[in-house]
Amino acid sequence: MTSPPPSGEHGERGGRPRLWDRIALIRWFKSSLPGRISAVFLLAAIVTVAGLLYVTPRLESSLIEPREQSVKQTLALGLAAAPVLAYATGEGGVPAQPTDYPTVLQSVFGFGLFRNGQSRGLGSSAQRVVLYELTGDPKRPSMRDLSPDVQERASSIARRAAVSRRRIEGITSVGGVPRIEAARRFNINAAQPDGSFRNYRLVLSVWQDVDDVQRTVEIARQRIIVAGIGGASIALILGVWVTTRLTRRIRALEAGARKVARGDFTAQFRGEGSLELARLARALDEMQRQLAELETARRRFIATASHELRTPLSTLQGFLELLEDQNLDPERRHEFVMHASQQAQRLSKLASDLLDLSRLDVGSVTVKRAPVDVGLLLEGLLTEFRVAGANHASLLRREIDPRAETALVDGDRVLQLLRALVNNALTHTPAGTNITVGARRRGSRVEFTVADDGPGIPAELIRDIFEAFVTSDETRGSGLGLAIGRELARRMQGDLTVASEPGSTVFTLSLPA
């Protein structure tokens, strides 16, 4: 019985995917690189359109506000002029006649400032000024337009002002045409022809059409929406196009990487059209080159190791088969046993060296630095090889720089490496070769040297001398000692080098100290 996938894998609960995860387009936006980049393009376009739509109300407000202020100013000027002109008569100082009732009120209100229903002097020529007389019930008065030429029904703003003691203002619509309007009720005592005064209840209304503003804003809004939809579409198409080209190149690089993963090192990585992809392609090429070198080295190592192991095993098997002969004399049998023992020792040394090399490769060898008496270290090394040196008729000596008497190194690892170098010198030089072990300071580093006055290393071996299984005498070594030595030196943040010429070979171990 298979267990359900974890909830985090599909964004689900109870093993069922969310609704939006079932929609292919949303899955594409969420899971693929083209989808995500396209979503960013689309989101940027949507945010831009939303910002523009947010701006349009402010545009409308900025266009209407000056007209609103102008309408208010006209109304305020008219209301301020009414008390001053309350005692005026008709035009030219002639008392108005009762039949000239609108003229009386117009003259009272400013000597024809809004003649023919047009504001003249109080505001913009685009404004309309209307005077209404209130009669009847104060709570529900009748309203009569006193304009001589333009008669219209009172707007909702004017009707509200008729029953209010404060100014009423706002945007209203009359006949489907929007306008900004301000109105206020006031009382005035107007002069009569007989010299008496009559109290009038009046409403002054000032308004101006704003349909042009709304048309402008609506056009702007429509264009913004159209531009936004077009921009979002273009952004989406552009995002898909860009990311499709990008992913095509990435997939080509992915295909090449998969070939390398299968062991095919002939893949070609191209990153045209993008600096980043070009860098990635170069990195993949470098990775492929190094992997190819490692694979070649691995195969060569396996082949060489197999050969090196097969040789002593075959020899050992041959001697063991010879020892099965019952007719061998004791002297001959002893000789075969000695040869078999030597091959067994060689096989054991080879296995030990391979194990050391593998430990260095995986980094399981630890380095512990501590103050070391270099003189005692080298004296102990020479003591170990005194018998071997005597058998080789070699003179072993040491040379120590006074500044290098103490060093901060891993004494055990240094001794292990120097031991291998001295043993290498005794193994691969003729009898009577002198060997010198030394130490000296160079700045912040200490250098240990093992030098001999033997015939030197052949020039064709110098370049590969530190590679595994490279040896000048296959009968007397596995060719792993120097490879282990260099790797061990690098683990100690140092290096192992060699300089050789006829009559002199010097191995130098340089370490931070």
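Could you tell me whether Leu238 is farther than 25 Å from Thr74 by Cα and not assigned by TED's automatic domain parsing to the domain that holds Glu293?
yes
Reported count of residues in region 458-483, each being modelled with pLDDT under 65 and either surrounded by fewer than 18 Cβ atoms within 10 Å (Cβ to Cβ) or touching a Pro at 6+ places or on another chain (Cβ under 6 Å) (or both), is 5. Scanning region 258-285 for residues being surrounded by 14 or more Cβ atoms within 10 Å (Cβ to Cβ) and small (Gly, Ala, Ser) gives a total of 5. Are any residues in region 205-215 surrounded by 15 or more Cβ atoms within 10 Å (Cβ to Cβ) and either among the acidic types (Asp, Glu) or in a helix (DSSP H, G or I) (or both), and if so, which ones? If the condition is that a residue be surrounded by 15 or more Cβ atoms within 10 Å (Cβ to Cβ) and either among the acidic types (Asp, Glu) or in a helix (DSSP H, G or I) (or both), then Asp209, Val213, Gln214 are the ones that fit. Of the candidates Gly443, Gly380, the single residue that is more than 22 Å from Glu487 (Cα to Cα) and within 50 Å of the chain's Cα centre (by Cα) is Gly443.
Being in contact (Cβ under 8 Å) with a residue 60 or more places away in the chain and either under 17 Å from Leu417 (Cβ atoms) or surrounded by fewer than 14 Cβ atoms within 10 Å (Cβ to Cβ) (or both) is a property that Val387 lacks.
Matching residues to (1) crowded, with 20+ Cβ neighbours inside 10 Å; (2) modelled with pLDDT of 85 or more; (3) within 60 Å of the chain's Cα centre (by Cα):
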{"residue": "Ile157", "(1), (2), (3)": "yes, yes, yes"}
{"residue": "Arg160", "(1), (2), (3)": "no, yes, no"}
{"residue": "Ile168", "(1), (2), (3)": "yes, yes, yes"}
{"residue": "Gly176", "(1), (2), (3)": "no, no, yes"}
{"residue": "Arg179", "(1), (2), (3)": "yes, yes, yes"}
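Counting only residues that are of a type in the set (Ser, Thr, Tyr), touching a Pro at 6+ places or on another chain (Cβ under 9 Å) and surrounded by fewer than 19 Cβ atoms within 10 Å (Cβ to Cβ), region 432-457 holds 1 of them.
Taken over region 114-155, the residue count meeting the criterion of being over 13 Å from Trp207 (Cα atoms), at pLDDT below 75 and buried (at least 18 other Cβ atoms within 10 Å of the Cβ) is 2. All conditions in (1) without any contact (Cβ under 8 Å) to a residue 12 or more places away in the chain; (2) over 30 Å from Ala158 (Cβ atoms) hold for Ser196, with the sole exception of (2).
Taking the listed residues Ala267, Ala261, Ala292, Ala303, the one that is over 30 Å from Val40 (Cα atoms), touching a helix residue (DSSP H, G or I) at 6+ places or on another chain (Cβ under 6 Å) and not polar (S, T, N, Q) is Ala267, with no other qualifying.
Kindly evaluate Asn199 against the criterion of being under 30 Å from Pro141 (Cβ atoms), among the polar types (S, T, N, Q) and at pLDDT 80 or above.
Details: under 30 Å from Pro141 (Cβ atoms): yes; among the polar types (S, T, N, Q): yes; at pLDDT 80 or above: no.
Taking the combined requirement at face value, the residue does not satisfy it.
Yes or no: region 327-334 includes at least one residue that is farther than 25 Å from Asn423 by Cα, at pLDDT below 80 and in a loop (DSSP other than H, G, I, E, B). So far as region 327-334 goes, yes, one or more of its residues are farther than 25 Å from Asn423 by Cα, at pLDDT below 80 and in a loop (DSSP other than H, G, I, E, B).
The values are calculated or read from the model by the stated rules, or taken from the named source; none is laboratory data. From a predicted model like this one, the values you see are computed outputs, not experimental measurements. All Cβ positions, glycine included, derive from the backbone under ideal geometry; neighbour counts span all protein chains shown.
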